[in-house]
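The structure appears right after this line, and notes come after that.
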2 protein chains.
Amino acid sequence: MTVLIVGSIGLDTIETPFGKKKDILGGSAIHASISASFHAKTAMIGVAGSDFPKEHFDFLKSKNIDVSGIQILPGETFRWSGYYEYDMNQAHTKDTKLNVISLFDPRVPDKLKDAEYVFLANLDPKLQLKVLDQLTKPKLVAMDTMNFWIETKREALEKVIKRADIVLMNDGEVRQFMETPNIPVAAAKLLKLGVKTVIIKKGEHGALLFSDGVHFSAPAYPQDILRDPTGAGDSFAGGFIGYLAKTGDISQANIRRAIIIGSTMASFNVEDFSLDRMKSLRPEEISARVEEFRRFTEF
Amino acid sequence: MTVLIVGSIGLDTIETPFGKKKDILGGSAIHASISASFHAKTAMIGVAGSDFPKEHFDFLKSKNIDVSGIQILPGETFRWSGYYEYDMNQAHTKDTKLNVISLFDPRVPDKLKDAEYVFLANLDPKLQLKVLDQLTKPKLVAMDTMNFWIETKREALEKVIKRADIVLMNDGEVRQFMETPNIPVAAAKLLKLGVKTVIIKKGEHGALLFSDGVHFSAPAYPQDILRDPTGAGDSFAGGFIGYLAKTGDISQANIRRAIIIGSTMASFNVEDFSLDRMKSLRPEEISARVEEFRRFTEF
């Protein structure tokens, strides 16, 4: 099954204790799509500026990603710059320039409108809705967001949330959104909004699933190599939806396995800046790490 | 097998978003021993002042705890007062009065000197060493500490650590002690000091085990009832060592099970102030929750 992913395409300037990189490939749709492409045929919806380097397109195509839904508009590509301190759990934004994203009117190519597995990566919830409106028979819609949209477009965000099957947020976001510091309580409140399944990404502390009467706790990989956490959440989501699409199975048990696949993909992505680790990543490394995850939790 | 536990006996004054309580039963040895007593015969080493209420002794005895190693000295019992803000992950100390602990010269009663399962709960590392020196054939020594000893008695603390089989610390402490924000890196550094097994307690994020080439990640209970986190780490440790003593099995697999028992005991303890939840806790509630833990992690 094809996975359809919409989100940002960006050029990031990032500083971590391990170095500083300027205008490197990033964006929520990029991280999610590359990660998904290891598991299923992936198609991207997004917008880039005329300055977007051709080599990045070549990289997407080398992963067999359908780029027919990417628009190139005159102007500059979305840019984010930020830094991480010694404790790399928290990204600090220095500057965000929407650039061509502010002109973005997402159009899903006809041949992709019947996509069944959909990931609405972090993006203006109004644009996420525009994509959803063009789909004819989504089977599973997962979505992500960020604090900025919680603060500025709560109403549109709640609309997306109500139409999604699975809501992914990080722990800080779900606490902020539901106005409680207690994660299980926040998750319960989110389920009451009509969401079927909530997955909370906690970075170095793993991920949690909450669904009606069901709870699952996934460990984090013991990450001694951690150079750049940017895109970890998107890699997680991409691996997650990619695995569901590959297997065509959205049972509770398979959703749990998909979370482990997502965690595995994220654990590789943060080992180097941008998508650099994903460029060398081999399928057998993925399966070996999934087996490690299994051993981490057996008791 | 009998578990021997040394640590503080205290009267706590605690404020959380759920209320304020004055001079309630607390202390590391108390929380650990009550928790251990659900699993194995438990003996305590500690000191209380002449003001220590008789009802608390009665409670210990009702749990079949051997109190022959508790000294009563003239003066006041150790007191800690602190508060938790809305986000209850972090205890804030308002005041600590060592009182009779400053006079404490721990003596292990003859009949307890051959104890095989030992937990050195949070206490001055010099006192922890004094207890260790009196034991004739410990089979498994676990120890805990806190930031105060890391900052003020590092040398004595390192001596205890080198003699312990299992070091328990919370995530903040191990980061501080090993001077790195990365938990797997901090754990690796701690193992290099000669520790065989490190268990890192992360409160709402569960617990991690690191040992030579082995890693285990235990989930936290999704704690929607959380009234007072005080003593969670000690309850964890008490359940952990109590289960090991009960089963007499210190294999890697059983240590993992003991971590789940510890997590279970801690999850009950934080449901109410002081030891109040432990007073009503029934063995069948413990086994039911252990089964829940198993379901949280299956994939």
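The values are calculated or read from the model by the stated rules, or taken from the named source; none is laboratory data. Nothing here was measured: the structure is a model prediction, and the numbers come from that model. Don't worry about glycine lacking a Cβ; one is built from the backbone with ideal geometry, like all the others, and counts go over all protein chains shown.
Observations, loosely collected:
- For segment A:229-262, residues that are in contact with a Gly (Cβ under 7 Å, 6 or more places away or on another chain) and among the hydroxyl-bearing types (S, T, Y) total 1.
- Residue list for segment B:217-263, restricted to those being farther than 26 Å from A:A188 by Cα, in contact with a helix residue (DSSP H, G or I) (Cβ under 8 Å, 6 or more places away or on another chain) and of a type in the set (S, T, N, Q): B:S235, B:T247, B:N254
- The residues listed here are A:D228, A:D234; of these, the one that is outside any helix (DSSP H, G or I), charged (D, E, K, R) and touching a residue at least 12 places away in the same chain (Cβ under 8 Å) is A:D228.
- Residue in segment B:173-188 that is in a helix (DSSP H, G or I), within 19 Å of the chain's Cα centre (by Cα) and over 29 Å from B:D228 (Cα atoms) present: no
- Given (1) farther than 17 Å from B:D224 by Cβ; (2) surrounded by fewer than 17 Cβ atoms within 10 Å (Cβ to Cβ), index of the condition A:K192 fails: (1)
- Candidate set from segment B:189-202 (those that are over 16 Å from A:T297 (Cβ atoms) and outside any loop (DSSP other than H, G, I, E, B)); member that is nearest to the chain's Cα centre (by Cα): B:K201
- Top-ranked residue in segment A:50-87 [being closer than 28 Å to A:I225 by Cα and in a strand (DSSP E or B); ranked as nearest to the other protein chains (Cβ to nearest Cβ)]: A:Y84
- Any hit, segment B:154-162, residues being within 14 Å of chain A (Cβ to nearest Cβ) and either under 28 Å from A:E271 (Cα atoms) or more than 19 Å from the chain's Cα centre (by Cα) (or both): no
- For segment B:88-102, the set of residues classified as away from chain A (no Cβ under 14 Å) and either in a loop (DSSP other than H, G, I, E, B) or of a type outside the set (K, R) (or both) consists of B:A91, B:H92, B:T93, B:D95, B:T96, B:L98, B:N99, B:V100, B:I101, B:S102, listed by residue number.
- Only listed residue being part of a strand (DSSP E or B), more than 14 Å from every other protein chain (Cβ to nearest Cβ) and surrounded by 20 or more Cβ atoms within 10 Å (Cβ to Cβ), chosen from A:V131, A:V167: A:V167
- Filtered residues of segment B:269-289 (kept if without any contact (Cβ under 8 Å) to a residue 12 or more places away in the chain and of a type in the set (S, T, N, Q)): B:S280, B:S287
- Annotation: of all residues in segment A:263-299 being among the aromatic types (F, W, Y) and out of contact with any strand residue (DSSP E or B) (no Cβ under 6 Å at 6 or more places or on another chain), the one that is farthest from the other protein chains (Cβ to nearest Cβ) is A:F268.
- Test: residue in segment A:46-64 that is crowded, with 23+ Cβ neighbours inside 10 Å, under 18 Å from A:M143 (Cα atoms) and in contact with a helix residue (DSSP H, G or I) (Cβ under 9 Å, 6 or more places away or on another chain): yes
- Of residues in segment B:212-267 being crowded, with 24+ Cβ neighbours inside 10 Å and of a type in the set (D, E), the one farthest from B:A43 (Cα to Cα): B:D228
- B:M146 being away from every other protein chain (no Cβ under 14 Å), surrounded by 15 or more Cβ atoms within 10 Å (Cβ to Cβ) and at pLDDT below 95: yes
- Unique residue being surrounded by fewer than 19 Cβ atoms within 10 Å (Cβ to Cβ), free of Cβ contacts under 8 Å to residues at least 60 places away in the same chain and in contact with a helix residue (DSSP H, G or I) (Cβ under 9 Å, 6 or more places away or on another chain) when the list is A:D105, A:D114, A:D110: A:D105
- In the condition set (1) under 20 Å from A:K201 (Cα atoms); (2) of a type in the set (V, I, T); (3) free of Cβ contacts under 8 Å to residues at least 40 places away in the same chain, A:T247 is compliant with all but (1).
- Test: residue in segment B:203-223 that is away from chain A (no Cβ under 12 Å), outside any strand (DSSP E or B) and modelled with pLDDT of 95 or more: no
- Any chance A:A91 is surrounded by fewer than 23 Cβ atoms within 10 Å (Cβ to Cβ), in contact with a Phe, Trp or Tyr (Cβ under 8 Å, 6 or more places away or on another chain), of a type in the set (A, V, I, L, M, F, W, C) and touching a residue at least 40 places away in the same chain (Cβ under 8 Å): yes
- Selection within segment A:1-33 - aliphatic (A, V, I, L, M), surrounded by 24 or more Cβ atoms within 10 Å (Cβ to Cβ) and not in a strand (DSSP E or B): A:I9, A:A29, A:I30, A:A32
- Residue count for segment A:224-251, restricted to those that are within 13 Å of chain B (Cβ to nearest Cβ) and farther than 20 Å from A:D165 by Cα: 5
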